[in-house]
Amino acid sequence: MAFNATAMPNLYDEMYPTTDLGSLSFLEQQWVHWYVMIGNPIIATGLMSFLLHEIVYFGRSIPWIIIDNMPYFRQWKLQPKKIPTAAEQWECTKTVLFSHFTIELPLIWLFHPTAEALGMSTYQVPFPSLKTMAPQVFLFFFFEDFFHFLAHQALHTGPLYKHIHKIHHKYSAPFGLAAEYAHPAEVFILGAGTILGPLIYCYFTANLHIVTVYLWIVLRLFQAVDAHSGYDFPWSLHNIVPFWSGAEHHDFHHMAFTNNFSTSFRWWDRIFGTDDKYREYRARVKAAKKAMKNASKEDVKKMEEDLMNQVEAEGIKAEAEAEARGMGAGKTVKVQ
């Protein structure tokens, strides 16, 4: 759709007085058209941001719903006997939508005026180059991962677990839609790590375009949904980039309750020793498979199920202890 600058000349002249539309890319022209069509940058940004979040989150979750209903893919399912039912998927969807409209929508709507006050570009064109955006997005990943690592551990202590984070741990075998299945307070707390990075960066540099933030949000949503998918394929990113977390890393956290508190990268858990049980479990599985190299597939599968059951039993005990301590005023439980 070509942009007709004569359709709304007053808004165009006001918002883009020196812009030569002919020099813009197709996407940049649609960007201009959107902002001029809506007529209010705050409404235009808020609406676009919320729609982007909903389309990407649910759009990325749908393939995992399909995969969960195809037995062929069970060979890569990390906990193959725990397939989410349609009722669980629907209950999860309702909770996620509630948080989206009551917590995330107001925050998203307030993002534009806050970002602009800090010097972020929103309706302006042209867009920054990929060379400019790439290091900014990496910094946001780095900041969010460390923020999440600290906040996630805090949510595993005492009252914070019992009254907030327990909801997210309802599913010991997570699935894509469950990435944002959480108490509204947790959505707010952990969501802060996603938006604070861009806001802090913009405050110190005054050199950030919201298109870069959108790229970051899309990649972050893909990461979050995929980490909760419950599948580990040979082509999964952590098999290519060893320090990437992925579903194989995060699935253990849901199964065992402890360990693996980071989101995107494995290094904080390794540095602070909060992956000791995970590494021990992977070593046990590897050693058992080596010892059973001549065993049948059924026997190997039975061995893996037994080890998973042991880890899950330990996780249920650790969760009960954390919840019990949450009932005592001022008491916390150390989780490692």
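The values are calculated or read from the model by the stated rules, or taken from the named source; none is laboratory data. Computed from a predicted model, the values in this text were never measured in an experiment. Positions of Cβ are generated from backbone atoms using ideal geometry, with glycine treated the same way; all protein chains shown enter the neighbour counts. Accessible surface areas use protein heavy atoms only, side chains included; no ligands, DNA or RNA. Shrake-Rupley method; radii C 1.70, N 1.55, O 1.52, S 1.80 Å.
Residue-level check: of (1) of a type in the set (Phe, Trp, Tyr); (2) touching a Lys or Arg at 6+ places or on another chain (Cβ under 6 Å); (3) crowded, with 20+ Cβ neighbours inside 10 Å, PHE252 misses just (2). For segment 131-145, the tally of residues that are under 18 Å from the mean Cα position of the chain (by Cα) and either surrounded by fewer than 16 Cβ atoms within 10 Å (Cβ to Cβ) or of a type in the set (Ser, Thr, Tyr) (or both) stands at 3. Looking across segment 9-57, the residues that are free of Cβ contacts under 8 Å to residues at least 12 places away in the same chain, under 25 Å from ILE103 (Cα atoms) and in a helix (DSSP H, G or I) come down to ILE38, ILE43, LEU47, LEU51, ILE55.
Number of residues in segment 200-225 that are open to solvent by 20 Å² or more (accessible area, probe 1.4 Å) and within 30 Å of SER236 (Cα to Cα): the value is 8.
Checked across segment 248-262, the condition of being out of contact with any helix residue (DSSP H, G or I) (no Cβ under 6 Å at 6 or more places or on another chain) and either assigned to a loop (DSSP other than H, G, I, E, B) or at positive phi (or both) holds for no residue.
Filtering segment 58-84 to residues that are assigned to a loop (DSSP other than H, G, I, E, B), of a type in the set (S, T, N, Q) and either within 30 Å of LEU11 (Cα to Cα) or open to solvent by 70 Å² or more (accessible area, probe 1.4 Å) (or both) leaves only ASN69.
Please indicate, with yes or no, whether at least one residue in segment 32-45 is polar (S, T, N, Q) and modelled with pLDDT under 95. Yes, segment 32-45 contains a residue that is polar (S, T, N, Q) and modelled with pLDDT under 95.
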